[in-house]
Amino acid sequence: MRFEGSSDYVTTPDLMLAVNAAITLQRPLLIKGEPGTGKTMLAETVAEALHVPLLQWHIKSTTKAQQGLYEYDAVSRLRDSQLGDGRVRDIANYIVKGVLWQAFEAEAPTVILIDEIDKADIEFPNDLLRELDRMEFYVYETRELVKARHRPIVFITSNNEKELPDAFLRRCFFHYIKFPDKETMQSIVDVHFPNLKKGLLREALEVFFELRDIPGLKKKPSTSELLDWLKLLMAEDIPPEALRAKDNKAAIPPLHGALLKNEQDVHLFERLVFMAKHNR
Amino acid sequence: MLIDFFLHLKSAKLPVSTKEFLTLLEALQKHVAGHSIDEFYFLSRACLVKDETNYDRFDQAFGQYFKGVEKIPGLEGEIPEEWLRFMTQKHLTPEEKAKLQALGWDKLMEEFKKRMQEQKKRHAGGSKWIGTGGSSPFGAHGYHPEGIRIGPESAGNRTAVKVWENREYRNLDDTVELGTRNIKVALRRLRRFAREGSAEELDLDGTISSTARNAGWLDILMRPERHNKVKVLLFLDIGGSMDDHIKLCEELFSAAKTEFKHLEYFYFHNCVYDHVWRDNRRRHSERFPLWDVMHKYGNDYKLILVGDATMSPYEILQPGGSVEYMNEETGAAWLRRLLDAYPHAAWLNPEPERLWPYRHSISIIGNIMGNRMFPLTLEGLERAMRLLSK
């Protein structure tokens, strides 16, 4: 199995190599990067390109590692016992399989996405060491060992809110999706809006990268915000000239709310624009 | 194989482990990467570097180790002929061009190959062979005297050489908090779980016993979820001699802030007096009287003072001893008041423990604290947390 890229997701050569290393060596791939650089999309793309099912596990601050393996639904069993249901004799009927179990027992290889692992408790990654390394775990209720038939391809994304433990990192491949440069960004936009006017795109990219260079922004606009903004520009049918306005350098780009998501950033930006006007 | 490379990374202070190195070898064995050095660069980075803050260090170490490797004899086939032609055209004087014409391109290439053979013998290990000696056809034609690097240029588009030599990840270094994880883990010792609030969770044990008592009829009991309910009052010394410890204190503060839900923090300078403040920029306008703080936060708060306790003893023992203003009561009196209000208290001192005996003020404060002063190291932090959680 080899990932050769996809027509609707721009993969840089280093990312492609990291994905293929993870696939070949059957080890998890940890993906980090600024928000909106397509970390989650990667798993979806790889699953689609390889034609294997994708199992997603979205992590919240309350998620426990155990929930990825299985959960024992004691409440249903208690209720069934009250109703005299025959199923109640077998505890296995009340074991709810988690994402990892589903992937381990699948007939064919699968792709698992463990999304935003840094949201969970600080010990969460440590609780999954053996499961991700050996791809097996023990079910205490039914005394069985669940072992992966096919080692799934595991993608883990992180937003760097918490540091991950070394023991965990050592078992993964790592890739940092860096913010795309102008060329890559152009090809990303081409993939998403094949019939975008060339003039508009050039102007938009220029405005976008200038905006990103403003020092002191709390949240720099990312790829996904650029795509949203382009969508809006196209929907409103804004001509490229409106973006350029070179004679009036201080113009506020139209629909900038799609790029700046933070009130303070918008204020800062407007203030800078105002100052630029003033100085002229 | 590649052991020197691994050790080189290690000596460049990259946190690489043997397991990761073995993974890299396994990946190479399975032909994950092709034979180009770019792919090897990407692969080794994915295997060995697990934090983007280390990318830059890795780029440098990789560049150092593989300097000149891209020109190892044997790889000469990768240098396209067109390129050589182009380069010679670009850098030759008209006379030399004429000479080149006289020599003929094929002849030149032959010479080139011959020269390559010699190079292999002389520089085994692959150092650069930048052309020298203007008289030889090669030196004169092929390579600019100032040393043009042919490796990177030759492959045309983005090669790895460029990637690591660009050092694109330079500004990632040191931007992320480092080392807070250990501090967080140490702070965990303070956790106190308690059940408070609305009953949302099934109390399984309670339900079972209650159902049994109910002669088998189901009686479901609910209970509130468990929360970490430890409350922490953090006082930080700021300015003056504490400037040397800013990084450490920042790490402690950022770890504490994410670790404790109920964290109240205040700043003081050198010693606590009748008021503290919360925002250093407005330390003179927005003050919180210490009395108010003590009344507002109950004695279930755990008190942690962070400071180097290094000052003149007068600042602790004398009314009016404060360096900042005229204090009516001594720092010692205020400190004792704080300790009376909060029985669970500890002082964390960023100064190394071995220096403490030489500083009079440290021993005074240590006495007032009842020897509950700990060094601000992981080990000291653990000791302090263990004491506070008792």
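Neighbouring Cβ atoms from other chains, within 10 Å of the Cβ of residues in A:166-177, number 6 on average.
Per-residue Karplus couplings for the range A:84-101, computed as 6.51 cos²θ - 1.76 cosθ + 1.60 with θ equal to phi - 60°, are listed in order as x, 5, x, 5, 5, 5, 9, 5, 4, 5, 10, 8, 9, 6, x, 4, 5, 4 Hz, Gly and Pro entered as x. Spin-label pair residue B:250-residue A:214: with each label point 7 Å from Cα along the Cα-Cβ axis, the two points sit 2.5 nm from one another. For the range A:114-120, 3J(HN,Hα) computed residue by residue from phi via the Karplus equation (6.51, -1.76, 1.60; θ = phi - 60°) reads 9, 8, 6, 5, 6, 6, 6 Hz, glycine and proline entered as x.
Take each residue in B:32-40, count the other chain C-beta atoms within 10 Å of its C-beta, and the mean is 3. Amide H contacts of residue B:262: B:232, each under 5 Å away and 5 or more positions distant or on a separate chain (H built 1.01 Å from N in the peptide plane; Pro and chain starts excluded). Summing Cβ point charges (Lys, Arg +1; Asp, Glu -1) relative to the Cα centre of the range A:74-142 gives a dipole of roughly 420 debye. As a rough guide to protection, the peptides A:20-28, B:216-224 ranked by mean Cβ packing within 10 Å, highest first, stand as A:20-28, B:216-224.
Dipole orientation for the range B:254-302: of the candidates B:255, B:276, B:265, B:255 has the Cα lying most toward the positive pole (charges on Cβ; Lys, Arg +1; Asp, Glu -1). Can you give me the angle between helix A:13-25 and the longest principal axis of chain A, using Cα atoms only, in degrees from 0 to 90, rounded to the nearest 10? With rounding to tens, the tilt is 0 degrees. A cut-off of 5 Å between modelled amide H atoms, ignoring neighbours fewer than 5 places along the same chain, links residue B:345 with B:303.
Annotation: amide H of residue B:318 within the under-5 Å range of B:331, sequence separation 5 or more or interchain, hydrogens built in the peptide plane. Dipole magnitude for the range B:1-58: about 200 debye, using +1 per Lys or Arg Cβ and -1 per Asp or Glu Cβ, origin at the Cα centre. In the range A:5-93, the inverse of the mean reciprocal separation of distinct Cα atoms equals 16.8 Å; this is its Kirkwood hydrodynamic radius. Per-residue mean of foreign Cβ neighbours for B:51-61 is 2 (Cβ atoms of other chains, 10 Å radius). Computed over neighbours whose Cβ is under 15 Å from that of residue B:312, the net charge equals -3, Lys and Arg +1, Asp and Glu -1.
The string of couplings for the range B:355-370 from the Karplus curve (6.51, -1.76, 1.60, θ = phi - 60°) is 8, 4, x, 8, 10, 4, 5, 5, 6, 4, 5, x, 5, 4, 6, x Hz, one whole number per residue in order, with x for Gly and Pro. Between residue B:363 and residue B:389, the FRET efficiency from the beta-carbon distance, with R0 = 30 Å, is close to 0.70.
Here, each number is a calculation from the coordinates, and none is a lab measurement. Quick caveat, the model's predicted, so the values are computed rather than measured. Quick reminder, even Gly has a Cβ in these numbers, built from the backbone with ideal geometry, and neighbours come from all protein chains shown.
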